[in-house]
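Asks: Please find one structure pasted underneath; my questions will follow.
The values are calculated or read from the model by the stated rules, or taken from the named source; none is laboratory data. Since this is a predicted model, take the numbers as computed values, not measurements. Because the Cβ atoms are built from the backbone with ideal geometry, glycine has one as well, and the counts that use them run over all protein chains shown.
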Amino acid sequence: MKWASTDSAETSISGIGDVSAQGERAVTPTRNTTYVLTAKGPGGESTQSITVDVNTQPAATITVSQPELRYHKVGDRVVQQDSATLQWSASNANSAKIEPFDSNSLSGSRTVNADPKQTTTGPVNENVTYTVTATNACGGSVTKTATLHVVGSIDPPPAINLASLFYPTAYPTKHHPKSGLLASEQSTLATAATKFKTYSLYDEKASLVIVGHADVRGPENYNHALSARRAALAKDYLVAHGIPADKIRTQADGKDKQLDSKTVQALEAKDNGKPTQWMMSHRKATWLAYNRRADIVLEPSGQQSTEAYPSQSSDAKLLWQRPIPNLKQVERASEMSASVQQASAKHPGN
């Protein structure tokens with residue numbers, strides 16, 4: 001503010017007080033203010049006024065770069081968590097408060113993540129509101145908001161119940177190492193591949209161990225090699241169905257770790273509560289059949305596949321019979337379509 005007067009003995013400005021006859025001064029009014037200059041001299045008094053209009057209203061903006069983010073948690077692991085950029089600015093303001101953050105910057109940006117408050121399993125559908133409140137010394141205040149929509153789901157750990165595999169007597173043979181997975185066992189392995197691929201999204205460190213077994217007939221070296229071929233054949237099938245080879249380890253136990261007869265009878269009783277008559281009538285053959293298998297172990301949890309014999313499948317008797325089946329029988333049973341397999345399961349033979 002500048003002023004000047006002549007022939008004055010006393011000069012004053014309202015709100016400031018006595019001043020020199022002429023001069024300038026910085027003023028910072030916080031509301032509309034009228035300044036009156038009064039000059040007094042021998043000849044009388046003179047006044048002049050000027051009004052300063054003050055804009056007391058601050059301005060603010062707050063935006064989020066992506067209005068909707070996705071969040072996906074499986075068990076205790078977050079498998080998807082999108083992010084966006086929050087930006088804000090304030091003008092004609094002395095301070096700005098950004099909530100829910102502890103920030104007072106008049107302008108800035110910050111990365112925000114999809115982070116729902118929900119902790120229970122189920123669909124996620126939440127809104128997160130970000131607020132900037134700008135104020136100034138004039139008492140002006142303004143609040144602006146930006147809303148982020150978080151969608152997705154929180155799911156329990158995927159089920160990874162695995163079933164053991166069963167093989168015909170002596171299969172796969174030394175000369176036919178690729179033969180011996182009958183239709184029922186291919187179906188079991190296909191299910192295992194699907195479940196493991198889903199589970200590996202939850203636990204990237206998960207892997208499988210396939211442990212081959214053989215029944216008690218034959219020398220130790222022969223049975224060890226046979227159980228190794230059984231584990232290798234199962235691994236090849238899983239790899240062909242999309243599981244990385246480095247996620248599968250094989251182990252051959254031969255006939256060292258037999259299921260005893262009492263364990264087999266207990267497993268048989270779990271067969272829908274209705275073990276088949278032909279298996280119950282030939283206990284030794286059934287005991288041998290239960291030990292011609294490969295178990296699947298999920299690591300690092302150590303969870304092992306259930307030794308559930310496929311007694312209701314159409315190829316169950318071929319798997320069960322004590323004599324070595326010929327190659328054509330095994331190949332035909334291996335090539336059965338899924339539809340035939342399902343139809344046969346509804347009408348099992350005796």
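Asks: Within the range 167-178, identify whether any single residue is outside the structural domain of Ser109 (by TED's automatic domain parsing), among the basic types (Lys, Arg) and either in contact with a Phe, Trp or Tyr (Cβ under 8 Å, 6 or more places away or on another chain) or buried (at least 20 other Cβ atoms within 10 Å of the Cβ) (or both), and answer yes or no.
Replies: no
Asks: Would you mind finding the one in Leu233, Leu259 that is of a type outside the set (Asp, Glu) and either without any contact (Cβ under 8 Å) to a residue 60 or more places away in the chain or surrounded by fewer than 16 Cβ atoms within 10 Å (Cβ to Cβ) (or both)?
Replies: Leu259
Asks: Of these, Ala269, Ala206, Ala285, which one is in contact with a strand residue (DSSP E or B) (Cβ under 9 Å, 6 or more places away or on another chain) and either more than 18 Å from Ile160 (Cα to Cα) or among the hydrophobic types (A, V, I, L, M, F, W, C) (or both)?
Replies: Being in contact with a strand residue (DSSP E or B) (Cβ under 9 Å, 6 or more places away or on another chain) and either more than 18 Å from Ile160 (Cα to Cα) or among the hydrophobic types (A, V, I, L, M, F, W, C) (or both) holds for just one of Ala269, Ala206, Ala285, which is Ala206.
Asks: Another one. Just one of the numbered conditions (1) exposed (fewer than 15 other Cβ atoms within 10 Å of the Cβ); (2) touching a residue at least 40 places away in the same chain (Cβ under 8 Å); (3) touching a strand residue (DSSP E or B) at 6+ places or on another chain (Cβ under 8 Å) is not true of Arg31; which one?
Replies: Unmet condition: (3).
Asks: Just a yes or no: is a residue in the range 44-57 under 30 Å from the mean Cα position of the chain (by Cα) and farther than 30 Å from Ala4 by Cβ?
Replies: no
Asks: From the list Ile160, Ile154, which residue is under 30 Å from Arg293 (Cα atoms) and not acidic (Asp, Glu)?
Replies: That would be Ile160, the only listed residue that is under 30 Å from Arg293 (Cα atoms) and not acidic (Asp, Glu).
Asks: Looking at the range 92-160, what strands (runs of 3 or more DSSP E) fall wholly within it and have at least 2 residues that are in contact (Cβ under 8 Å) with a residue 40 or more places away in the chain and under 30 Å from Tyr199 (Cβ atoms)?
Replies: Hits in the range 92-160: 141-155.
Asks: Ok, one more. Which condition from (1) out of contact with any Lys or Arg (no Cβ under 6 Å at 6 or more places or on another chain); (2) modelled with pLDDT of 95 or more; (3) under 17 Å from Leu165 (Cβ atoms); (4) not aliphatic (A, V, I, L, M) is the one that Thr250 breaks?
Replies: Just one mismatch for Thr250, condition (1).
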